[in-house]
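The values are calculated or read from the model by the stated rules, or taken from the named source; none is laboratory data. Computed from a predicted structure; not experimentally measured. As a convention, Cβ positions derive from the backbone with ideal geometry for all residues, glycine included, and neighbour counts pool all protein chains shown. To get the accessible areas, we keep the full protein, side chains included, count just its heavy atoms, and leave off ligands, DNA and RNA. Shrake-Rupley method; radii C 1.70, N 1.55, O 1.52, S 1.80 Å.
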Amino acid sequence: NINFSEEIFRFNKIGLKDGLPSGTGPLSIVQDSLGFIWFPVLGGISKYDGYKFTSYKTFIGPNDTTYLPEIFCVFEDSNYDLWVAGKNILGKYDRAKDNFFCYKIVDPNSESSLPSVYSIREGKNNILWLGTYEMGLFSFDKKSQKFKQYNHEVNNSNSISSDTLSDLVIDDNG
């Protein structure tokens with residue numbers, strides 16, 4: 001127990017014996033607006049309701065394609081929609097269906113590398129910003145469901161400072 005200015009905080013540890021999937025080393029943990037705690041894990045994401053874990057290992061994509069995602073981060077936006085991201089994937093949780101729908105960030109058949117997303121933040125105008133490892137910054141327009149990539153340009157002082165972005169901060173301009 002820790003005592004700060006008359007407040008007492010108590011920490012409970014949960015682990016494998018409580019049902020937390022093995023291989024868990026989440027880069028982010030989020031408690032959503034309904035109180036569930038979400039953990040990105042190897043091979044998907046797990047939801048903890050205070051008593052048990054529920055694992056989501058398969059995501060649904062366009063044309064009912066199924067994906068086995070590698071998830072690194074989780075984020076709840078201002079509309080209380082839960083988003084997860086990882087290796088070339090952005091997933092949105094459908095609370096009514098209790099499943100995730102996924103968007104591929106780049107065409108997996110393309111010649112380019114596949115982005116690993118380590119950070120999601122929400123900007124203005126329904127835009128999600130995705131920080132990646134070595135692939136720059138991606139924006140995702142929630143209305144059009146389109147991605148746009150931004151990369152570091154050596155001779156452009158207005159470009160992003162690096163193509164590796166482990167965390168993002170949104171300024172007043174969005």
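Results, tabulated for the structure shown:
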{"quantity": "Enumeration of residues in the stretch 45-61 that are buried (at least 18 other Cβ atoms within 10 Å of the Cβ), over 11 Å from the mean Cα position of the chain (by Cα) and more than 17 Å from ALA96 (Cβ to Cβ)", "calculated": "SER46, TYR48"}
{"quantity": "Residue within the stretch 70-85 that is under 28 Å from GLY15 (Cα atoms), open to solvent by 60 Å² or more (accessible area, probe 1.4 Å) and modelled with pLDDT under 95 present", "calculated": "yes"}
{"quantity": "The stretch 54-76: number of residues that are closer than 14 Å to ILE29 by Cα and in contact with a Phe, Trp or Tyr (Cβ under 8 Å, 6 or more places away or on another chain)", "calculated": "5"}
{"quantity": "Residue count for the stretch 122-167, restricted to those that are open to solvent by less than 80 Å² (accessible area, probe 1.4 Å), touching a Phe, Trp or Tyr at 6+ places or on another chain (Cβ under 9 Å) and free of Cβ contacts under 8 Å to residues at least 12 places away in the same chain", "calculated": "1"}
{"quantity": "Qualifying residue in the stretch 124-136 (condition: touching a helix residue (DSSP H, G or I) at 6+ places or on another chain (Cβ under 9 Å) and either farther than 21 Å from PHE59 by Cα or in a strand (DSSP E or B) (or both))", "calculated": "no"}
{"quantity": "Only listed residue being open to solvent by 10 Å² or more (accessible area, probe 1.4 Å), at pLDDT 95 or above, in a strand (DSSP E or B) and not β-branched (Val, Ile, Thr), chosen from TYR93, TYR103", "calculated": "TYR93"}
{"quantity": "Single condition SER159 does not satisfy, out of (1) under 16 Å from the mean Cα position of the chain (by Cα); (2) part of a loop (DSSP other than H, G, I, E, B)", "calculated": "(1)"}
{"quantity": "Of residues in the stretch 46-59 being more than 16 Å from ILE14 (Cα to Cα) and of a type outside the set (Lys, Arg), the one modelled with the highest pLDDT", "calculated": "TYR56"}
{"quantity": "Total residues in the stretch 106-121, condition open to solvent by 10 Å² or more (accessible area, probe 1.4 Å) and either of a type outside the set (A, V, I, L, M, F, W, C) or under 15 Å from PHE59 (Cα atoms) (or both)", "calculated": "10"}
